Structure formats: C-alpha cells, structure tokens
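*Asks:* One structure coming up, written as structure tokens, with questions to follow.
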Amino acid sequence: MNRYTLAILVRNQFGVMNRLTSMFRRRQFNISSLSASETESDKYSRLTFTFDGTENGKQQLINQLYKLPDVYAIKELLTDNSISREVMLIKLKNDSKTRSEIYAAADAFKAETIDYTKDSIVLQLIGTAATMDDFIALMSEYTILEICRSGTASIEKGGATLRQNLML
C-alpha cells in the first residue's frame, strides 16, 4: 500500500464533504488525514485527503470523484512537488521530575508551550506528519493526556495552482 495526498477543489456548499467522504468509504479507502477550508474565493472549498491504497484504486477513485458535479479540480500532491504541514496540540502531565526533559525535546522539535498549569503542559508543534509521529513516539515515555492533530495542509510548490486544473 502507498500513501497518497489529493487536493480537491469543490463547490463551497453544504453536503459536498459528505459526498466526497462517502466516495472514499465506498471505495474502501481509510482517510488518514482530512483538512477543509474556503479558498481565496468563497465560491470554492479546498479539501486535502491523505489515504493509503493501491495505484489502481487511487486512479479509480479520482475518476469517480470527477463524476461528482461539485468537484472542479483534483491534483495529486507528491512529496517532491509539494509542501505539507500539520498542527498538533499535545497535552502532557506536568511533573517536576520530567518537565526539563519534556522541554528539551520540545525545544529540539521547535514546539511552543501554549498552556501551562500545575497539572499539565500543552505544546503546539507544526511540521510534517512524520515529525508529528516522531514527537509522539518521543513523548510516549511521559504521560500523554491528550493529542489533537489537524489534517494535513498541502500546497504545490512553484507557480502552479489547483484552480489551473478547473474542470468547468
């Protein structure tokens, strides 16, 4: 199985995300990451899906997605032609015995402290999915109270835009 990232430009209206995620479900793809937002125009929304599958299955999915009337453009984003980032909030137990080690790791990963109480420390980390996974693995030696990760936001490098692929 390979990991794929698709950026999809759609009509900005209710129900569209449900139709797209239903297509993934019918094709039996597990979505590992999803982010959605309005674009530079309020007429469009951009959804970024990250999922695992086969090349053939991915191509069939793309063909089916293009049949949906709300889909305007689809672009596969590859690691060599795009920039991808996530945001993660991780809440750790604030323990005087481990606090300095947690802060040393946070500093190494350029994580920012955004909340501090006598019971917990909340760190914010921005980076690739692999960076998030590595940080979680490192923090697993401590008491993780909660983790919240955004979906992957990806954009193509250079002057190319998703709107250049409009299928109107």
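*Asks:* List every residue pair whose Cβ atoms lie under 9 Å apart, where the two residues are 6 or more positions apart in sequence or sit on different chains, the first residue falls within segment 53-68 and is charged (D, E, K, R), and the second residue, located anywhere, is open to solvent by 10 Å² or more (accessible area, probe 1.4 Å) and part of a loop (DSSP other than H, G, I, E, B).
*Replies:* Cβ pairs passing all conditions: 58/29.
*Asks:* In this structure, does residue 91 turn out to be basic (Lys, Arg) and in the same structural domain as residue 46 (by TED's automatic domain parsing)?
*Replies:* Answer is no for this residue.
*Asks:* Sort out which residues of segment 15-33 are aliphatic (A, V, I, L, M) and open to solvent by 60 Å² or more (accessible area, probe 1.4 Å), and write them in order of number.
*Replies:* 17
*Asks:* For segment 12-25, check the following and say yes or no: at least one residue is within 21 Å of residue 156 (Cβ to Cβ) and not β-branched (Val, Ile, Thr).
*Replies:* Yes: segment 12-25 contains one or more residues that are within 21 Å of residue 156 (Cβ to Cβ) and not β-branched (Val, Ile, Thr).
*Asks:* Among residues belonging to segment 71-100 that are closer than 30 Å to residue 15 by Cβ and not aliphatic (A, V, I, L, M), point out the one that is surrounded by the fewest Cβ atoms within 10 Å (Cβ to Cβ).
*Replies:* Ranking the candidates gives 76 first.
*Asks:* Return the residues of segment 101-132 that are polar (S, T, N, Q) and under 12 Å from residue 88 (Cβ atoms); say none if nothing qualifies.
*Replies:* Answer for segment 101-132, where residues must be polar (S, T, N, Q) and under 12 Å from residue 88 (Cβ atoms): 124, 128, 131.
*Asks:* I'd like the full set of residues that are closer than 21 Å to residue 132 by Cα and open to solvent by less than 10 Å² (accessible area, probe 1.4 Å), limited to segment 51-62.
*Replies:* The one that is closer than 21 Å to residue 132 by Cα and open to solvent by less than 10 Å² (accessible area, probe 1.4 Å): 51.
*Asks:* Can you tell me which of 54, 50 is assigned by TED's automatic domain parsing to the domain that holds residue 21 and in contact with a Lys or Arg (Cβ under 8 Å, 6 or more places away or on another chain)?
*Replies:* Step by step, each of 54, 50 is checked, and only 50 is assigned by TED's automatic domain parsing to the domain that holds residue 21 and in contact with a Lys or Arg (Cβ under 8 Å, 6 or more places away or on another chain).
*Asks:* Filtering segment 110-119 down to residues that are of a type in the set (Val, Ile, Thr) and touching a strand residue (DSSP E or B) at 6+ places or on another chain (Cβ under 7 Å), which residue is most open to solvent (accessible area, probe 1.4 Å)?
*Replies:* 114
*Asks:* Output the number of residues of segment 120-139 satisfying the condition of being of a type in the set (Val, Ile, Thr) and surrounded by fewer than 18 Cβ atoms within 10 Å (Cβ to Cβ).
*Replies:* Residues in segment 120-139 being of a type in the set (Val, Ile, Thr) and surrounded by fewer than 18 Cβ atoms within 10 Å (Cβ to Cβ): 4 in total.
*Asks:* Please work out if residue 11 is open to solvent by 90 Å² or more (accessible area, probe 1.4 Å) and charged (D, E, K, R).
*Replies:* So residue 11 fails the test.
*Asks:* With the structure loaded, tell me whether residue 107 is surrounded by fewer than 13 Cβ atoms within 10 Å (Cβ to Cβ) and either under 14 Å from the mean Cα position of the chain (by Cα) or at pLDDT 95 or above (or both) or whether it fails that test.
*Replies:* yes
*Asks:* Which of (1) touching a strand residue (DSSP E or B) at 6+ places or on another chain (Cβ under 7 Å); (2) surrounded by fewer than 17 Cβ atoms within 10 Å (Cβ to Cβ); (3) assigned to a loop (DSSP other than H, G, I, E, B) is the odd one out, the single condition residue 40 does not satisfy?
*Replies:* In the conditions (1) touching a strand residue (DSSP E or B) at 6+ places or on another chain (Cβ under 7 Å); (2) surrounded by fewer than 17 Cβ atoms within 10 Å (Cβ to Cβ); (3) assigned to a loop (DSSP other than H, G, I, E, B), residue 40 misses (1) alone.
The values are calculated or read from the model by the stated rules, or taken from the named source; none is laboratory data. Because the structure is a prediction, the values reported are computed rather than measured. As a convention, Cβ positions derive from the backbone with ideal geometry for all residues, glycine included, and neighbour counts pool all protein chains shown. Ligands, DNA and RNA are stripped out before the accessible areas are found, and what is left, the full protein with its side chains, is counted by its heavy atoms. Shrake-Rupley method; radii C 1.70, N 1.55, O 1.52, S 1.80 Å.
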